Each structure stands twice: as C-alpha cells, then as structure tokens.
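Let me begin by presenting the structure, written as structure tokens, before commenting on it.
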Amino acid sequence: ISYRYKVVSIVGSGGCANAVECVDCSDRAAARVVIKVVRREEGCEAQSQIELQNFELIQKFKTSRTPVVQFLDNFEFRGHMCLVFERLGRSLCHVIDSPRGKNGMPVGWVKAVAAQLL
C-alpha cells in the first residue's frame, strides 16, 4: 500500500472499514502495523475524519500510561482514507469467544483488564 506497506493479512472488517495487518517496509525493523482502510462512502468518510481528529488530539496529550492504541500515521490510497495504528494483540472479544474464554479467563488476565479499565 502506497509503496511503503506490505499487506500480510486481513484482521477485521466493519460497517465502514477493513483492517489489514501490514509490514512497514520503511522501517529497518520491519515493524508490523494495522491499517484501517475506510470505505469510500459519504457517511464513512465523515466518520473517519472525526476519528482522525480525535486521534490527533489524543496524541497531543497522551502519556506512556494512557491506555489508548498508538496512532502512527494517516494517508489516502486510491481514494480511501487509511489510518495506521500500532499492532496490538487479540481483542478481549476474541479471547472471550475462544475455547479458552468459554471456560472462564485466568484471574491474572481479569485483573489486568480491570486495571486498564480503571
């Protein structure tokens, strides 16, 4: 994508965007990132502009202890707005839906999630 990112896999999709895991080819360490590719629809584009403004504002005041995904970059590719984020692990929803989550989560995990929420 945009001669910088190499798509590795599709990691999610929603009503207004798809999320793809990519390798940042401009980074010597070949960092993995997730790019949210927004659909070219009027409502989706307006929503993504608001999201972009919010993330830019959050980045100004974010500290190392702020539990918010790191917003790295944004660009347009073939008419689609693209938002670049740090790659995180699986979401809590994936963990709960997994076979391990159906039997309950370990207490350490629950404490870690609760601490992030508080």
Check your understanding: Name the pairs whose Cβ atoms lie under 8 Å apart, with the first residue in the stretch 62-81 and within 15 Å of E51 (Cβ to Cβ), the second open to solvent by 40 Å² or more (accessible area, probe 1.4 Å) and assigned to a strand (DSSP E or B), and 6 or more positions between them or separate chains?
Key -> V69/E86; Q70/E86; L72/E86; M81/N74
Check your understanding: Restricting to the stretch 25-64, what's the tally of residues that are in contact with a helix residue (DSSP H, G or I) (Cβ under 9 Å, 6 or more places away or on another chain) and either over 23 Å from S9 (Cβ atoms) or not in a loop (DSSP other than H, G, I, E, B) (or both)?
Key -> 2
Exercise for review: Check V11 against each of (1) in contact (Cβ under 8 Å) with a residue 40 or more places away in the chain; (2) surrounded by 15 or more Cβ atoms within 10 Å (Cβ to Cβ); (3) within 29 Å of M105 (Cα to Cα); (4) not hydroxyl-bearing (S, T, Y) and name the one condition it does not meet.
Suggested key: (1)
Check your understanding: Applying the selection to the stretch 37-76, what residues are under 23 Å from Y5 (Cα atoms), open to solvent by 60 Å² or more (accessible area, probe 1.4 Å) and either in contact with a Gly (Cβ under 9 Å, 6 or more places away or on another chain) or of a type in the set (F, W, Y) (or both)?
Key -> R39, R40
Review point. Does L72 meet the test of being touching a Lys or Arg at 6+ places or on another chain (Cβ under 6 Å) and not small (G, A, S)?
Key: no
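The values are calculated or read from the model by the stated rules, or taken from the named source; none is laboratory data. This structure is a prediction, so every number in the text was calculated from the model and none was measured. Reconstructed Cβ throughout: ideal geometry from the backbone, glycine too, with neighbour counts over all protein chains shown. Quick note on the areas: whole protein, heavy atoms, side chains included, nothing else; ligands and nucleic acids left out. Shrake-Rupley method; radii C 1.70, N 1.55, O 1.52, S 1.80 Å.
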